[in-house]
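Have a look at the structure below, then the notes.
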Amino acid sequence: MKLHYLAAVSVLTLSGCASSSLQYAKPDSKHVNNQIILNQDFDQVWDRLVRNLAADFFVINNIEKNSRIINVSFSTSRPMEFVSCGLSTRQFKNAYGTQSFVYDPAQSTQFPFTNDFGVLFNANRKTYLEGRTNIYLAPEGENTVVSVNTKYLLKADIEYRNNGNQLVQRDSFVFDFSTKSAYEESNGDGVVCMATGELEQKLLDYAR
């Protein structure tokens with residue numbers, strides 16, 4: 001966000017000819033294991049899974065034993081527990097020295113930066129993760145197959161304030177991806193977000 005036009009409406013405080021830079025690295029590709037085969041009876045696995053889901057933060061939206069499907073939803077203000085969007089490294093320089101801010105874009109953070117005119121702004125970035133998961137269970141001989149697939153919605157709300165702490169702009173972004181399909185901007189140069197597999201493993205463990 002360059003905020004060109006904000007120079008006209010902001011307090012022009014250069015803070016000793018401040019400047020900033022940004023470098024971004026995509027997350028490493030990671031295989032997400034979303035299926036297991038348990039050497040246990042279907043009814044036994046089903047009952048255990050439902051009991052564990054009901055005891056945690058998941059909301060059970062739909063449960064159809066005949067269809068062998070359980071649909072659950074969840075939300076968290078700590079997206080990095082389950083997803084990653086790589087690593088952003090920002091440097092801010094002014095007369096007082098250089099500060100570095102390193103963070104995963106999936107997490108909430110705050111940082112100062114400058115636009116092309118050298119005007120200082122402070123960004124307050126808050127992130128929030130929502131998701132819906134289909135859990136499929138099926139008997140396979142004497143075993144039970146369990147698979148999970150999640151649709152993730154990572155939301156980022158950003159407030160930009162000038163050096164006088166006046167709000168000058170708000171932005172909102174939504175990153176939409178799933179267990180097996182990462183979010184990637186069409187030009188291939190922007191943010192990439194993907195599942196880490198932690199949520200999928202958590203749900204599979206509930207069935208064990």
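The values are calculated or read from the model by the stated rules, or taken from the named source; none is laboratory data. Everything numeric here is computed off the predicted structure, so don't read it as measured data. Here the Cβ positions follow ideal geometry from the backbone for every residue, glycine too, while neighbour counts run over all protein chains shown.
Output yes when any residue across region 107-114 is in a loop (DSSP other than H, G, I, E, B), in contact with a Cys (Cβ under 7 Å, 6 or more places away or on another chain) and closer than 24 Å to ARG161 by Cα, and no when none is.
no
Can ASN165 be described as modelled with pLDDT of 95 or more and not basic (Lys, Arg)?
No; evaluated as a whole, the condition is false for this residue.
Just a yes or no: is a residue in region 187-206 touching a Lys or Arg at 6+ places or on another chain (Cβ under 7 Å) and among the β-branched types (Val, Ile, Thr)?
Yes; the residues of region 187-206 include at least one that is touching a Lys or Arg at 6+ places or on another chain (Cβ under 7 Å) and among the β-branched types (Val, Ile, Thr).
Hey, among PHE101, PHE82, PHE121, PHE117, which residue is of a type in the set (Phe, Trp, Tyr), surrounded by fewer than 18 Cβ atoms within 10 Å (Cβ to Cβ) and touching a Ser or Thr at 6+ places or on another chain (Cβ under 8 Å)?
Just a single option satisfies the conditions, and that option is PHE101.
Can you find a residue in region 48-57 that is free of Cβ contacts under 8 Å to residues at least 40 places away in the same chain, farther than 30 Å from VAL102 by Cβ and surrounded by 17 or more Cβ atoms within 10 Å (Cβ to Cβ)?
There is at least one residue in region 48-57 that is free of Cβ contacts under 8 Å to residues at least 40 places away in the same chain, farther than 30 Å from VAL102 by Cβ and surrounded by 17 or more Cβ atoms within 10 Å (Cβ to Cβ).
Filter region 156-170 for residues that are surrounded by 13 or more Cβ atoms within 10 Å (Cβ to Cβ) and either more than 19 Å from GLU130 (Cα to Cα) or out of contact with any Ser or Thr (no Cβ under 7 Å at 6 or more places or on another chain) (or both) and give the result.
ILE158, GLU159, TYR160, ARG161, ASN162, ASN163, VAL168, GLN169
Could you please find all residues in region 49-85 being assigned to a helix (DSSP H, G or I) and closer than 23 Å to HIS31 by Cα?
PRO79, MET80, GLU81
Write out, first by first residue and then by second, each pair whose Cβ atoms fall under 8 Å of each other, whose residues are 6+ apart or on separate chains, and whose first residue, in region 65-78, is within 12 Å of VAL148 (Cα to Cα) while the second is assigned to a loop (DSSP other than H, G, I, E, B).
VAL72/PHE58
Restricting region 17-33 to residues that are part of a loop (DSSP other than H, G, I, E, B) and among the aliphatic types (A, V, I, L, M), which is farthest from LYS93 (Cα to Cα)?
Among those residues, the one meeting the criterion is VAL32.
Got a sec? Which of GLU130, GLU159, GLU200 is assigned to a strand (DSSP E or B), acidic (Asp, Glu) and either at pLDDT below 95 or closer than 27 Å to VAL50 by Cβ (or both)?
Residue meeting the stated conditions: GLU130.
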